[in-house]
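The values are calculated or read from the model by the stated rules, or taken from the named source; none is laboratory data. Just so it is clear, the structure is predicted and the values come from calculations on it, not from any experiment. We place every Cβ from the backbone using ideal geometry, glycine too, and count neighbours over all the protein chains shown. SASA here: full protein model, heavy atoms, side chains in, ligands and nucleic acids out. Shrake-Rupley method; radii C 1.70, N 1.55, O 1.52, S 1.80 Å.
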Amino acid sequence: MSAEQTHVAYAYDAESGIARITLDDAAAGNPIHTASLEQLLAAARRVNADGARVVVLAARGRFFSVGGDLAQFGGADDMAAYIDDLADGLHRAVSELVRSDAIVVAAVQGAAAGAGFPLVAAADIVLAARSASFTLAYTRAGLSPDGGSSMLVHTLGLHRALRLALLNDRLGAEEAQAAGLVARVVEDTELEAATEEIAGRLAAGAAGAQATTKRLLRQAAEPAPETRLRAEALGIRAQAGGPEGREGVSAFLAKRPPVFGG
């Protein structure tokens, strides 16, 4: 097996109705690749099997997630096929979290970049440390967004989502709160305690009422999330197989500005 196949990228535990899924590849910035997504999907499925009422999605280290591992993209024999598999795994995990009756609480410190951004948005309540920032950065690499990025329109509004997707602007923690993505901003040293307080309140609440409320509001915002996710997968696969995706990833790995055709 390769190092990617054997490396444990997520930690999971469940106690007192609260499941914790923790991105645990801090040295690499908690990147998203196919093997780590298999672990994320398995953890998301365990939530339901364990009967958890709340999920805490968190990360160890300086960053929440730097997003997709572009070195893996560039090293793939068929980048389009690799990214198609990656998007499929990410979308299965996102769908599992969105469809779960458990309330998902994300705790974010540092960058949530690329696919890390929509992974955060799959949560129902987002808490951010002051160090947190959010950026899509797909078009910079000649790719289109995936992971549920298109559903950010419901959270952020059309034109803010367009700005973030097309200009690759970065949202700081306070701006993300003002935009409606983040529920609460706290000091970095207070993030864990604030997350535990919110998770405890939810775990002590009326589970049926909370699950029904989540389902009603999410269905109102996006009745068919899997349809959006499939459209994203088709889009990013096409980009990855074309000249813009190849040039964008090559430029990133060579640490040079990309040169896209007119």
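Look at Asp88 and say whether it is in a helix (DSSP H, G or I), in contact (Cβ under 8 Å) with a residue 60 or more places away in the chain, open to solvent by 50 Å² or more (accessible area, probe 1.4 Å) and acidic (Asp, Glu).
yes
Any idea how many residues of the range 66-102 are closer than 30 Å to Ala211 by Cα and either in contact with a Lys or Arg (Cβ under 8 Å, 6 or more places away or on another chain) or aliphatic (A, V, I, L, M) (or both)?
11
Take Ser144 and tell me if it is of a type in the set (S, T, N, Q) and touching a strand residue (DSSP E or B) at 6+ places or on another chain (Cβ under 9 Å).
no
How many residues does the range 118-158 hold that are without any contact (Cβ under 8 Å) to a residue 40 or more places away in the chain, in a helix (DSSP H, G or I) and open to solvent by less than 40 Å² (accessible area, probe 1.4 Å)?
3
Which residue pairs have Cβ atoms closer than 6 Å, lie 6 or more positions apart in sequence or on different chains, and pair a first residue in the range 192-211 that is on the phi < 0 side of the Ramachandran plot with a second residue that is of a type outside the set (Val, Ile, Thr) and open to solvent by 30 Å² or more (accessible area, probe 1.4 Å)?
Ala203/Arg53; Ala207/Arg53; Ala211/Asp101
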